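The values are calculated or read from the model by the stated rules, or taken from the named source; none is laboratory data. No experiment lies behind these values; they were computed from the predicted model shown. Cβ coordinates were reconstructed from backbone atoms using ideal geometry, including for glycine residues, and neighbour counts include every protein chain displayed.
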Amino acid sequence: MLQICSYREVTNNRDNMQHQSHPFILPRKHPFISVQGFYLKPHKIPIRVYLGFSFKPQISSKIENNNTIINSVSNYSFNDKKRKNNSKKYGGLLPSILKSLDTEEDVEKTLNLYYGKLNPKEQTVILKEQRSWEKVVRVFEWMKSQPDYLPNVIHYNVVLRVLGRARKWDELRKCWVDMAQKGVFPTNNTYGMLVDVYGKAGFVKEALLWIKHMKVRGVFPDEVTMNTVVRVLKDGGEYDRAHRFYKDWCVGKVELGDLDLESMADSCLEPISLTRFLLTELFRTGGRDHTKSVVKSDVEGSVQKPRLTATYNTLIDLYGKAGRLKDAADVFAEMLKSGIAMDTITFNTMIFTCGSHGNLAEAEALLIEMEERGILPDTKTYNIFLSLYADTGNIDEALRCYKMIREVGLFPDVVTHRAVLQILCERRMVHEVETVIKEIERSGLCIDNQSVPLVVKMYVDEGLVDRAKLLFEKSQKNGGLSSKTYAAVIDAYAQKGLWSEAEYVFGCEREKDITEYNVMIKAYGIAKLYDKAFLLFKGMKSQGIWPDECTYNSLIQMFSGGDLVDEARDLLGEMREAGFRPSCLTFSAVIASYARLKRLSDAEDMYQEMVKAGVEPNEVVFGSLINGFAESGELEEALRYFRIMQKLGLSVNQVVLTSLIKAYTKTGIIEGARTIYKRMKELPGGPDVVASNSMLNLYADMGMVSEAKLIFDYLQENHQADGVSFATMMYVYKNMGMIDEAIEVAEKMKDSGLLTDTPSFNKAMAIYATSGHLVKCGEMLHDMITRKLLPTNGTFKVLFTVLRKGGIPSEGVEQLEFAYQEDKLYARPAVVTAVFSVLGFHTYALDFFENSIKFETGLNPFVYNVAIYVLGSLGRLDDAFKMYMKMQDEGLEADIVTYIYLVGCYAKAGMLEGVKRVYSKLKYGDIDPNESLYRAVIEAYKIVNRKDLAELVNQEMNLAFNSESLPDSETSEASDTEDEVDETSVS
């Protein structure tokens, strides 16, 4: 971390420095900042970093590894450099020769014209300037064919480097053999170049074999070669070996004893491996007669220090990546003491090392020092800060870095664009992303491979599927999309279930690899299109693509999850026949599927097959088996697998114990369930909600109210109670006749926000309906509809109870119930409307009715009846009568329910004649005698203040139905028993 030091301390340290040809002199007027052992000026606002910045995002450190951020060259910079190289102005005949070779296919003809006039240096230039390795080889072969050509190591180095970079290993071998046959011996430059090209190809061990070869020949690595070896080891993650090689070099040693050449050669199974090639033909040919022309280096055995800036840069990066911050700081300090010139890469590397280990203030201080030394930041400097700020969540500052690149006269490179696009895409900042893309295109560049899937995913997540497709197609036309990019784009669609869009990308003409097939199979699996997934799998081989382990695992788990377990088992067998060993997870998926389908014997067979295959079962496997037997009530089998699990030493988790509680619950063995539950309480975190609910349900079935309440209280205290817990407790209280307590639980459930789905609403509404709190039911029904939760059969069972208890005539309820059971058009909205209306929620009723029902020809009478009832209840009597007339216009005859509702409307309108007309039809047999209609007429006469007529009708009804006279005050209503509602029962 930063430490303030006095000027005296710094100058004393400086005076003690040895071998300092360019002392690092600091102004006397400032205190100093110590950065991991070296000294800088106090923190100031960096001139180039903070001016004009306005906003800041976050990117993952995974955007680029250290090496890419520090050392990578953008496509733009690289191509620009190539153009400059190709347009160099050489003197003499070189420009004409290079132009001719660049345009003419006849290399030999061009060279025949000019060759005799070229010296070896000009020959070297011609070799270096060729764009393809094929042309380099042709030019070199022609040169060697000339009688006066003198072989030299520089020409061979050029050719070997080109072939190595092109990874043409067989041609490189031939060149190396030819070099030895011509008596041209490799130099330090040769070996350093070979180490470099093999290392960059990812062949770290093979690269080190060249150092072995050097040692055999008595050639000691110079500093450039040593730096190359350290860099190759660093890039290969061999940090300790890189450090040891550097330290050995400093004392004049080259020790690679831990590289066992013989065992490496013996272990090569391929007929033509790079290692065997180096150990045989290369070593034999390159090492002959070395003692005649090469003497042992005078450096070997002496103490030396590196003097090149590039070496120090490599060492700082090495120690930074290895997490050895003190060593990195020591190297930096050594540069100061030894007067080694620092460059932009030095500071970039040190800035990244400090910043990526959480020392952002030190990184900023280094930027100040960099500028004060006259070393200007480059694009990579800003890329590093962009990444560092993003990693700390300072997103505004990260985006400012992006903005500043152009403001200081630099150009964003591919790393810059990739980083800023990731920042913006992760935050779904669509407008800003599109602005950056336009800037990239204005620069004549394209979005790079890694960024295309990021932008596509952002568009897909935002629902902008058309824009995603457009971007993909544009990127595809620009060319260069890798198979990995196609796979990532397919996956972006797959994650959102957009299988047809994923299929479109997959279907683009190109050579596909196994990754794309696997991702497309995954896309079909997410969309549950198992047939398509299987067809794609079957067609792979005809395209020359062979399924890998991932393919089989995806399909097996997909089919298992979709209950296509027999197909999954067949694929498992095919997977084993193909030589793949299924993982525990794959076996587990099949076992879990069998257990879920209650095919327990098949689940056991698969378990035995798993054991025979030598795959160790884990807790998930045993959990599936135990749960399967528990759900089927087979307690003994569940316990048997539990004992096997314990014998194997597997840890017993909550899932397994919960399954055992289920098994005991199914068999009604309370003591066994109690024992397991007590054991679960001893586990960290205690029993989970599923286990507690199982115990609660067991006590509910046994009618053990006090024990159930203890569990319920425990769940509430631990904030674990869910909808099942509340519903079960309501069920306990209801069954015991404790309706007030059940209502209290229902209120708590509502206040706890656990009314989240239709079943939870049904259970609470059932309690209110049973207890007669009908208005509460209406409020909850409205809440359900507002949340757009669809009523289920359980909901309507409660609603019909509400209608019966709410006062609607039994004929009206029966008519609606019959329409619902027959699934008549508009039956469901008619029931809901009637419930709202009977409970006094007239506005809700009318709004719902108007929004849910469209009057058209062919409607059933019950729809008109509900409309007349709602309009009459709301006092809109003219509209109610119009609805009756519309019903007649449609050719529908009024039924008993229609007349009951009409009589009420006539009474409210004071239309005595209307009531008389309906009664006349009833009296003279035009309407079949109906007690509900008699009662409606009696009530209507009372409303219009004709009690005398009401009494006469009452007498007529008594005669018709031989029943007792009704009291004058009111008519009685049919009551319902509590047993009509049983929605609180818990399975």
Does the range 516-528 contain any residue that is more than 29 Å from Val621 (Cβ to Cβ) and assigned to a helix (DSSP H, G or I)?
-> yes
Lone unmet requirement of (1) without any contact (Cβ under 8 Å) to a residue 24 or more places away in the chain; (2) of a type in the set (D, E, K, R); (3) touching a Ser or Thr at 6+ places or on another chain (Cβ under 9 Å) for Glu434 = (3)
Tell me, please, whether a residue that is of a type in the set (Gly, Ala, Ser) and either at pLDDT 95 or above or in contact with an Asp or Glu (Cβ under 8 Å, 6 or more places away or on another chain) (or both) can be found in the range 875-896.
-> no
Quickly run through the range 784-801 and pick out the residues that are under 34 Å from the mean Cα position of the chain (by Cα) and part of a helix (DSSP H, G or I).
-> Met784, Ile785, Thr786
What number goes with the only condition from (1) in contact (Cβ under 8 Å) with a residue 12 or more places away in the chain; (2) under 17 Å from Ile943 (Cβ atoms); (3) not β-branched (Val, Ile, Thr) that Asp895 does not pass?
-> (2)
Restricting the range 893-942 to residues that are of a type in the set (D, E, K, R) and assigned to a loop (DSSP other than H, G, I, E, B), the residue that is surrounded by the most Cβ atoms within 10 Å (Cβ to Cβ) | Asp895
Determine whether Ala742 is more than 23 Å from Asn653 (Cα to Cα), at pLDDT below 90 and among the hydrophobic types (A, V, I, L, M, F, W, C).
-> yes
For the range 810-833, indicate whether the set of residues that are assigned to a loop (DSSP other than H, G, I, E, B), among the charged types (D, E, K, R) and closer than 22 Å to Pro759 by Cα is non-empty.
-> yes
So is Leu859 crowded, with 17+ Cβ neighbours inside 10 Å and outside any helix (DSSP H, G or I) or not?
-> yes
Mind checking whether some residue in the range 325-344 is of a type in the set (Ser, Thr, Tyr), crowded, with 19+ Cβ neighbours inside 10 Å and assigned to a helix (DSSP H, G or I)?
-> no
Flag if Met558 is over 24 Å from Gln654 (Cα atoms) and either in contact with a Gly (Cβ under 6 Å, 6 or more places away or on another chain) or part of a loop (DSSP other than H, G, I, E, B) (or both) = yes
Tell me, which residue of the range 411-442 that is part of a loop (DSSP other than H, G, I, E, B) and out of contact with any Pro (no Cβ under 8 Å at 6 or more places or on another chain) is surrounded by the most Cβ atoms within 10 Å (Cβ to Cβ)?
-> Pro412
Of everything in the range 565-612 that's assigned to a helix (DSSP H, G or I), over 15 Å from Gly628 (Cβ atoms) and among the small types (Gly, Ala, Ser), which residue is farthest from the chain's Cα centre (by Cα)?
-> Gly573
Does the range 354-361 contain at least one residue that is aliphatic (A, V, I, L, M) and in contact (Cβ under 8 Å) with a residue 60 or more places away in the chain?
-> yes
When residues of the range 613-659 are filtered for being more than 16 Å from Ser694 (Cβ to Cβ) and part of a loop (DSSP other than H, G, I, E, B), how many remain?
-> 12
In this structure, does Thr756 turn out to be within 23 Å of Ser692 (Cβ to Cβ), surrounded by fewer than 17 Cβ atoms within 10 Å (Cβ to Cβ) and not assigned by TED's automatic domain parsing to the domain that holds His842?
-> yes
Can you pull out the residues in the range 611-622 that are surrounded by 24 or more Cβ atoms within 10 Å (Cβ to Cβ) and within 14 Å of Leu657 (Cβ to Cβ)?
-> Phe622
So which pairs qualify, if the first residue must be in the range 569-582 and more than 18 Å from Asp605 (Cα to Cα), the second must be surrounded by fewer than 13 Cβ atoms within 10 Å (Cβ to Cβ) and not polar (S, T, N, Q), the Cβ gap must be under 9 Å, and the two must be at least 6 apart or on different chains?
-> Ala578/Trp546
List the pairs whose first member sits in the range 848-866 and is in the same structural domain as Val831 (by TED's automatic domain parsing) and closer than 19 Å to Pro809 by Cα, whose second member is at pLDDT 90 or above and of a type in the set (D, E, K, R), and whose Cβ atoms are under 8 Å apart, counting only residues at least 6 apart or on separate chains?
-> Asn860/Lys824; Pro861/Glu893; Pro861/Asp895; Phe862/Lys824; Tyr864/Lys886; Asn865/Asp895
Could you say which residue among Val415, Val430, Val465 is over 22 Å from Val505 (Cβ atoms) and under 24 Å from the mean Cα position of the chain (by Cα)?
-> Val415
What is the number of the single condition among (1) without any contact (Cβ under 8 Å) to a residue 40 or more places away in the chain; (2) closer than 20 Å to Ile154 by Cα that Val224 does not meet?
-> (1)
Residue check for Trp176: crowded, with 20+ Cβ neighbours inside 10 Å and either closer than 21 Å to Lys135 by Cβ or not assigned by TED's automatic domain parsing to the domain that holds Thr228 (or both) | yes
Failed condition for Pro151, given (1) in contact with a Leu (Cβ under 8 Å, 6 or more places away or on another chain); (2) over 26 Å from Leu233 (Cβ atoms); (3) not polar (S, T, N, Q), with all others met?
-> (1)
Checked the range 120-168 for anything crowded, with 19+ Cβ neighbours inside 10 Å and not in a helix (DSSP H, G or I); matches are Glu129, Gln130
Among the residues of the range 392-400, is there at least one that is at pLDDT below 90, touching a helix residue (DSSP H, G or I) at 6+ places or on another chain (Cβ under 8 Å) and within 23 Å of Ala328 (Cβ to Cβ)?
-> yes
Are any of the residues in the range 808-824 farther than 28 Å from Glu939 by Cα, surrounded by fewer than 23 Cβ atoms within 10 Å (Cβ to Cβ) and not assigned by TED's automatic domain parsing to the domain that holds Val866?
-> no
The number of residues in the range 295-317 that are surrounded by fewer than 23 Cβ atoms within 10 Å (Cβ to Cβ), among the aliphatic types (A, V, I, L, M) and at pLDDT 90 or above is 2
Within the bounds of the range 373-390, is there any residue that is in contact with an Asp or Glu (Cβ under 6 Å, 6 or more places away or on another chain), of a type outside the set (Val, Ile, Thr), closer than 30 Å to Lys305 by Cβ and assigned to a helix (DSSP H, G or I)?
-> no
Here the qualifying pairs (Cβ atoms under 8 Å; residues six or more apart or on different chains; first in the range 869-886 and over 15 Å from Ser837 (Cβ atoms); second part of a helix (DSSP H, G or I) and aromatic (Phe, Trp, Tyr)) come out as Tyr884/Tyr864; Lys886/Tyr864
